[in-house]
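The values are calculated or read from the model by the stated rules, or taken from the named source; none is laboratory data. No experiment lies behind these values; they were computed from the predicted model shown. Here Cβ is always computed from backbone atoms with ideal geometry, including for glycine, and neighbour counts include all displayed protein chains. In case anyone asks, the SASA skips ligands and DNA or RNA and just uses the protein heavy atoms, side chains included. Shrake-Rupley method; radii C 1.70, N 1.55, O 1.52, S 1.80 Å.
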Amino acid sequence: MDYLNYLRQDKMPHIWCDGCGHGIILKSILRVVDQLGWEKNNIALVSGIGCSGRTPGYVDFNTLHTTHGRAISFATGLKLANPKLHVIVVSGDGDATAIGGNHFIHAARRNLDINLIVFNNNIYGMTGGQCSPTTKTTKKATTTPYGNPDSAFDISKLAEAAGASYVARSTTYHVAKLDKYIKDSFLTKGFSVVEAYSSCPTSYGKMNKETGKTGLQMLMYQKDNTVPLQKAQKMTQAQLEGKFITGVFVEKDKPDYTENYAKVIQTAKQQ
Amino acid sequence: MIIPNKNIKMMQGNIACAEAALAAGCNFFAGYPITPSSEIAEVLSKKLPIIGGNFIQMEDEIAAMGAVIGASLGGAKSLTATSGPGFSLKQENIGFAIMAETPTVIVNVQRGGPSTGLPTLSAQADVMQSRWGTHGDHSIIVICPSSVEETYYMTIKAFNLSEKYRTPVILLTDEIIGHLTEKIEIPDSSKLEIINRIKPDMNQKEYLPYKITDSLVPPMANFGEGYRYHVTGLAHDETGFPTNDPEKTTEMLMRLYNKIEKHRDDIVEVEEYNTDDMDTLIIAYGSTSRSAKRAIVNATKEGYKVGLLSLKTIWPFAEKEIENMAKKVDRIIVPEMNLGQIAHEVEWATRRAKPIIKINHINGEPITPNEILAYIKQGK
């Protein structure tokens with residue numbers, strides 16, 4: 001495939017730092033779009049604020065860069081107004097689960113056919129490396145210089161508990177799986193979440209040495225610390241400490257919001 | 001024999017707003033429950049599905065504002081309704097709608113504040129929030145009905161102005177008007193003027209979503225119509241992509257400002273009552289202008305010469321109309337259910353050329369005709 005067919009080449013170079021994982025996720029999304037043969041005119045890519053938020057600017061779709069944390073709410077209106085659009089939301093860990101946490105869980109509950117891809121790099125990159133809801137306890141950020149006293153969210157578990165139709169997690173090292181999960185999520189009816197572990201060498205890597213400082217080192221850290229779900233189920237909590245558990249957490253065929261609302265329309269018209 | 005006119009009804013202000021939205025072509029509502037605006041959502045939850053439109057109750061006020069903007073980009077005519085606390089929450093995304101030039105209508109049925117304030121009682125204290133609630137410099141259209149029938153016509157006007165100028169429009173009503181039930185004649189839908197956004201007619205490569213045109217309002221393509229463009233809340237150039245260029249930023253922000261300010265004669269609406277022979281002018285809006293009118297009727301019977309300038313458009317401000325009218329009188333009375341938010345604007349518009357008497361309530365109690373009458377009588 002020709003990636004350039006999907007990119008706004010005049011908007012290059014992009015703003016992502018050397019070694020950032022976000023470009024890997026974007027390529028994965030574009031490969032899936034190409035495989036599915038979706039028309040560019042029928043795709044809307046919606047984002048919030050942050051490094052992930054800049055993704056729509058680079059792709060030749062209908063693109064919408066909204067306010068911080070609110071991308072899913074804009075996407076909800078857009079999808080309902082034009083159900084023919086494939087609506088993809090890209091969001092960061094802070095965007096999706098801190099400021100946008102309420103929209104995230106309610107979108108999962110509502111189960112409207114929107115595909116969310118969370119670029120999880122455990123930090124606020126755009127603003128210079130502050131602690132996020134997925135920065136683990138004791139880890140360092142510019143706002144946790146003595147180590148993070150907070151606990152981290154497990155984004156996939158959050159999506160599962162809130163009712164999403166499809167939930168999976170991969171990393172920017174495990175790209176084949178990332179492609180598969182994104183593809184399956186796009187083909188699932190209802191709200192889907194793919195959590196893509198990304199890496200931020202500029203901020204997270206610099207402050208938390210164990211992951212390595214360069215993009216390559218951080219990728220190798222993902223490789224060495226990933227545990228597939230099936231294997232993880234046989235391991236103890238202590239053994240799983242600091243590991244990335246990847247795999248498909250939810251894959252359900254259940255009525256989505258549009259289907260339920262069609263029934264509302266039917267009932268209303270009969271009365 | 002009297003033939004009953006089926007178009008004449010007794011109707012509540014909030015219900016008239018919902019009915020008018022449908023008449024204006026609204027096919028999308030997103031909201032969050034809040035007193036005293038909830039009837040608007042309730043009526044539309046019943047009626048929108050019948051026409052195949054979308055009603056959605058969102059998880060919060062912020063999401064409701066996001067959803068109406070998203071729906072507008074998808075081609076819908078969208079509406080949300082709220083009151084003070086919810087209006088505060090919507091402000092960030094109202095700024096986005098201004099910046100991204102997405103038409104939508106926001107109804108604020110005002111109640112007492114600050115904070116939770118007086119949820120079931122009326123106020124007019126969001127005049128400045130409606131002007132400056134979102135951050136950054138901008139212009140905005142805010143219109144304000146003073147009856148149930150006006151609520152109907154002004155809801156349609158709000159949709160028309162939002163489509164015409166590609167901008168969010170705020171319908172600033174209040175608890176008294178929202179919950180008032182009175183006579184209304186519903187117009188024949190064929191007699192209503194309905195304005196829809198101008199669509200691009202060029203090919204995709206030539207389309208500039210934020211082009212500086214003579215009208216200052218560039219055509220708007222809906223997502224999915226083949227014009228793949230970029231929408232952002234960042235400062236952007238004609239293409240819609242972000243820019244930090246000082247010249248382009250100024251050009252864009254001034255166009256957003258001027259597309260409203262330079263068309264103020266098309267937007268600003270005031271109503272005069274009894275202004276031919278007067279020495280006292282009352283400037284009022286919303287429910288308070290009803291009390292003012294009654295006070296004037298009573299005062300006229302007693303020989304006082306009082307006129308009314310009722311503001312139908314709050315922003316842009318009717319400074320020209322007020323300045324002209326002020327020349328004809330020797331004092332101005334401004335009754336309002338706040339501590340003088342419009343009175344200060346009147347002082348500025350008239351350069352304090354005439355004494356301005358303020359009548360202010362902030363306790364949820366309406367300003368009565370007798371109260372205004374007492375002020376008319378003072379010093380005369």
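Looking at (1) open to solvent by 10 Å² or more (accessible area, probe 1.4 Å); (2) in contact (Cβ under 8 Å) with a residue 24 or more places away in the chain; (3) assigned to a loop (DSSP other than H, G, I, E, B), which is the only condition B:ASP214 fails?
(2)
Among the residues of region B:217-227, which ones are touching a residue at least 24 places away in the same chain (Cβ under 8 Å), away from chain A (no Cβ under 14 Å) and open to solvent by 10 Å² or more (accessible area, probe 1.4 Å)?
B:VAL217
Collect the residues in region A:57-85 that are more than 8 Å from chain B (Cβ to nearest Cβ) and closer than 13 Å to B:GLY74 by Cβ, keeping them in residue-number order.
A:PRO83
Here is a check on your reading of the model: is A:GLY19 of a type outside the set (S, T, N, Q), surrounded by fewer than 24 Cβ atoms within 10 Å (Cβ to Cβ) and on the phi > 0 side of the Ramachandran plot?
yes
Yes/no per residue for (1) open to solvent by 10 Å² or more (accessible area, probe 1.4 Å); (2) out of contact with any Pro (no Cβ under 9 Å at 6 or more places or on another chain); (3) at the interface with chain A (Cβ under 9 Å from one of its Cβ atoms):
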site	(1), (2), (3)
B:GLU59	yes, yes, yes
B:GLY75	yes, yes, yes
B:LEU79	no, yes, no
B:THR82	no, yes, no
B:GLU101	no, no, no
B:VAL109	no, no, no
B:SER147	yes, yes, no
B:TYR153	yes, no, no
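Using the structure shown, decide if B:THR134 is free of Cβ contacts under 8 Å to residues at least 60 places away in the same chain, in contact with a helix residue (DSSP H, G or I) (Cβ under 8 Å, 6 or more places away or on another chain), closer than 30 Å to A:GLY53 by Cα and among the polar types (S, T, N, Q).
So B:THR134 passes the test.
What number of residues within region B:228-263 satisfy the criterion of being in contact (Cβ under 8 Å) with a residue 24 or more places away in the chain, open to solvent by 30 Å² or more (accessible area, probe 1.4 Å) and of a type in the set (Ser, Thr, Tyr)?
The total comes to 2.
Within region A:81-111, can you find the residues that are in a loop (DSSP other than H, G, I, E, B), open to solvent by less than 10 Å² (accessible area, probe 1.4 Å) and either β-branched (Val, Ile, Thr) or within 19 Å of A:THR66 (Cα to Cα) (or both)?
A:LEU85, A:GLY100
So, in region B:12-57, how many residues would count as being among the aliphatic types (A, V, I, L, M), open to solvent by less than 10 Å² (accessible area, probe 1.4 Å) and within 14 Å of chain A (Cβ to nearest Cβ)?
Total meeting the criteria: 4.
Name the residues in region A:238-256 that are touching a residue at least 40 places away in the same chain (Cβ under 8 Å) and either assigned to a strand (DSSP E or B) or in contact with a strand residue (DSSP E or B) (Cβ under 8 Å, 6 or more places away or on another chain) (or both), would you?
Within region A:238-256, A:PHE244, A:ILE245, A:THR246, A:GLY247, A:VAL248, A:PHE249, A:VAL250, A:GLU251, A:LYS252 meet the criteria.
Restricting to helices (runs of 4 or more DSSP H) lying wholly in region B:62-179: which have 2 or more residues that are of a type outside the set (D, E, K, R) and over 20 Å from B:LYS312 (Cα atoms)?
Where helices (runs of 4 or more DSSP H) fall fully within region B:62-179 and carry at least 2 residues being of a type outside the set (D, E, K, R) and over 20 Å from B:LYS312 (Cα atoms), they are B:84-100.
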